[in-house]
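Every number in this text was worked out from the coordinates using simple rules, so none of it is lab data. Source: prediction; values computed, not measured. Cβ placement follows ideal geometry from the backbone for every residue including glycine, while neighbour counts extend to all protein chains displayed.
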Amino acid sequence: MRFGTQNGRLVLVRDDLALDVAEHSDLPSDVNAALERFDELAGWTDFSRAKPVGRLGPPVPHPRQVFAVALNYRPHAAEAGFQPPEEPLIFTKFPSCIAGPDTEVKLPPGKPDWEIEVVAVIGRGGYRIPRERAWDAVAGLTVGQDLSERASQLRGTPAQFSLGKSFPGFGPIGPVAVTPDEFPDRDDIGFACHLGDDLVQHGRTSQMIFPIDDLVARISAVCPLLPGDLIFTGTPAGVGNRRNPPRYLQPGETLVSRVDGIGEIRQTFV
């Protein structure tokens, strides 16, 4: 199953068709509320009243909690000058930064950078979820960018991670979320992003230090996970501030991020 939003309303997407769920069922149009009834949503198969898909918004426009994971790929930890962590390093992106898949992003002053991520969308959720049941709590996976303004992020001791990663438009996701059963191997998914014509990052989720089910178990051991919550699961090597010389996003550039089996998002910077 593939789901997203149009005009803030939940739609199921198949090929070039979109089905407004609330128009044809007693499920709500609000994504978070519908994900509370994930079993009913996942059982939907009737696309006879679907319409051509229009412009898609973020699969979850208003998540209540947004978790993100630092240094979850060994090559990225190495390029950043750190040892791989023994425990997940969790921070947040504030929900107001969440945006749709095809956006124009106004660059703040400083050193804006890119970080492609596979993002887990929580469905059933729960508290203290054991790892062997963690995938059951995930409604889907989507494409994300953990855009980061490095001057703000790294200012002070300790650093201001969350503020530097939460400017307007700094959390684009989409174009849809795809349920884990749709992937040949939900633990080994390829992804890549291009800045203009240049391939700047690529990797596979099988290279994570802490896989998605492990992250769900560890985070939920502290924070109850709610339907519609997002987990930005980490980025591989290739970010701009670790290049020699460093390279940062510039007005007029376009960043295209793609995850196999999901699709792509596109950000143009002004």
Across the chain, how many lysine pairs, 8 or more positions apart or on different chains, have C-alpha atoms separated by under 22 Å? Please give the number. 5
Please give me, ordered by residue number, the chymotrypsin sites (Phe, Trp or Tyr not before Pro) of the stretch 106-194 that lie in loop per DSSP and have at most 13 other Cβ atoms within 10 Å. Y127
Can you say what percent of the DSSP beta bridges in the chain, counting only those with both residues inside, are antiparallel? Round to 5. 85
Contact order normalised by residue count of the stretch 2-52, Cα under 8 Å, 6+ apart, percent: 30
Virtual spin-label span in nm between T268 and A151, 7 Å along Cα→Cβ: 2.6
By its C-alpha gyration tensor, with a ≥ b ≥ c as the square roots of the eigenvalues, how is the stretch 142-270 shaped: rounded for a/c under 1.5, else prolate for a/b larger than b/c, else oblate? oblate
Pairs of alpha-carbon atoms within less than 8 angstrom and 6+ residues apart define the contacts here; what relative contact order does the chain have, in percent? 25
Would you work out which of N244, G57, S25 lies farthest towards the positive end of the dipole of the chain, given +1 charges on the beta-carbon of Lys and Arg and -1 on that of Asp and Glu, about the Cα centre? N244
What value does the chain have for Rg/Rh, both radii from Cα atoms and Rh as Kirkwood defines it? 0.95
Taking the Cα centre of the chain as origin and charging only Cβ (+1 Lys, Arg; -1 Asp, Glu), how large is the dipole, in debye to the nearest 20? 820
Least to most buried among C193, C223 (fewest other Cβ within 10 Å first): C223, C193
Residue order, fewest to most beta carbons within 10 Å, for I209, I129: I209, I129
